[in-house]
Amino acid sequence: MIEVKNVTKKYGKVVAVDNISFTIQDGEIIGLLGPNGAGKSTTMNMITGYIEPTEGTIIIDNYDISKRPKKAKKEIGYMPEGVPLYTDMTVKEFITYMAEIKKIDKKERKEKVEKIIEETGLKEVEKKITKNLSRGYKQRVSLAGALVGEPKILILDEPTVGLDPKQITEIRKLIKDLGKKHTIILSSHILSEVSQICQKVIIINKGKIVAIDTPENLENKVSNKNSLYVTVEDTENKIEKVTKKIKEITKIELIKENEDKTKEYLIESKLDTDLRKILFQEFAKENITIFEMKKADTTLEDAFMKLIEGGN
Ligand code: ADP
Ligand code: MG
């Protein structure tokens, strides 16, 4: 279990992380989601013990990371942002070197390195120099480095940045597979990514947590309204007047005028009202013909933007 309690990190006057608290259970895949500069990397660096919080405590499996750094760090594999270091080594040399640094027993080293190479799909490039590999493979090498020492927890900082779509799909799959055996914290500024991989999302903005929830709940939480897209033929231009009289409507907005003279509106109501029946009845009375009516989905993207804006 990871417990982050009232953690703040200041760089001089800059408050990079501002009094955040959260708990991560064993086996969870957690996404740290936020725009650039939100404080994701700083948070991750503190959990790895790489930098010290200005205030607050971080406890990894009952070990306070600042009091028992060795014990706590042993549980953690960290993949920093960007490309791997030591790129003049071959893939295998690099992973072996990481195993030496992490003091993996010499007798077991070879076997463990082999296992990680298999696990991360690096077998076919194990003899290649890392710097000559594609960005996708470099990311795998970086991930392999994090896996050395069989840490319980994996901390992956923006694991898909700079990858092409195919590589992104592959890395996501790999992370999901690793999630079966590890607790994972990954950061991203891409919403769809986090919702695809993670069971829980921590949204962070300007150093503060603005929400912690499942991707599904986040969507529901912020969609406190029903939105409908309604296309009508309204030859007498009555819609404004008619909708004003319907008290359930909280907002109406003209989206577009089509060539056939029909118009598309976005019409909103409170979450607990279904406007569809009311609209059918009232519009019919006034000679407004409904051509099409569809519910507008609120996406996680909407949720994210709303939470971020709300935090400002
Ligand atoms: P993210 O990873 O979400 O993009 P960071 O954690 O890297 O965000 O940065 C959070 C804030 O802290 C930013 O405003 C950044 O400029 C600042 N920051 C990060 N590292 C340092 C540092 N070493 N010195 C000064 N300011 C820093
Ligand atoms: Mg970062």
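Figure legend: label point modelled 7 angstrom from the Cα of Lys245 along Cα→Cβ; residues of region 260-296 with amide N under 15 Å from it are 278-289.
From its DSSP helices (H runs of at least four residues, each -39,500 (n - 2.57)), the chain gives a residue-normalised ellipticity at 222 nm of -10500 deg cm²/dmol.
Where does each of 25-36, 234-245 land if you order them by average Cβ count within 10 Å, highest first?
25-36, 234-245
With a cut-off of 19 Å on the backbone N, the residues of region 256-277 near the modelled label site 7 Å out from Lys238 along Cα-Cβ are 261-265, 276-277.
Summary value for the chain: 19 percent relative contact order, contacts being C-alpha pairs under 8 angstrom separated by 6+ residues.
A simple spin-label model places the labels of Leu254 and Asn36 3.8 nm from each other, with each point 7 Å out along Cα-to-Cβ.
Among 252-259, 112-119, the peptide with the highest mean count of other Cβ atoms within 10 Å heads the list, and the full ranking is 112-119, 252-259.
With K and R counted +1 and D and E -1, the other residues having a Cβ less than 14 Å from that of Thr8 yield a net charge of +3. Computed from Cα atoms, the angle from the helix 275-285 axis to the main principal axis of the chain rounds to 20 degrees. Which pairs in the list Lys115/Lys206; Lys103/Lys127; Lys107/Lys176; Lys67/Lys208; Lys40/Lys256 are over 32 Å apart, alpha-carbon to alpha-carbon? Lys115/Lys206; Lys40/Lys256, as the Cα separations exceed 32 Å there. The residues Val14, Val201, when put in order of fewest to most other Cβ atoms within 10 Å, stand as Val14, Val201.
Ranked by how many other Cβ atoms sit within 10 Å of their own Cβ, fewest first, the residues Asp164, Asp18 fall in the order Asp164, Asp18.
Summing charges over all other residues whose Cβ lies under 11 Å from the Cβ of Tyr86, with Lys and Arg as +1 and Asp and Glu as -1, gives -1.
The calculated FRET efficiency for the pair Ala296 and Gln199, based on their C-beta separation and a Förster distance of 30 Å, comes to about 0.65.
Taking the Cα centre as origin and putting +1 on Lys and Arg beta-carbons and -1 on Asp and Glu beta-carbons, what dipole magnitude results for the chain, to the nearest 20 debye?
For this selection, approximately 1240 debye.
Note on region 172-249 and region 33-109: Cα centroid distance 32 Å, given to the nearest whole angstrom. By other beta-carbon atoms within 10 Å, ranking Leu133, Leu218 with the fewest at the front produces Leu133, Leu218. Here the alpha carbons of the chain define both size measures, Rg and Dmax, at 25.5, 86 Å. Using a Förster distance of 25 Å, how high is the FRET efficiency between Glu81 and Glu3, based on the Cβ-Cβ distance and rounded to 0.05? It comes out at approximately 0.55. A cut-off under 12 angstrom between Cβ atoms defines the neighbours of Ser41, and their net charge, with Lys, Arg +1 and Asp, Glu -1, is -1.
You can think of it this way: the chain between Lys131 and Ile101 has 8.8 nm of extra reach, that is 0.36 nm per residue less the Cα-Cα gap.
Here region 193-291 is treated with +1 on each Lys and Arg Cβ and -1 on each Asp and Glu Cβ, and its dipole about the Cα centre works out to around 520 debye. Calculated FRET efficiency, Val161 to Asp272, Cβ-Cβ distance, R0 = 51 Å: about 0.80 to the nearest 0.05.
Here, each number is a calculation from the coordinates, and none is a lab measurement. What you see is a predicted model; the values in this text were computed from it and never measured. Cβ sites come from the backbone with ideal geometry, for glycine too, and all protein chains shown count toward neighbours.
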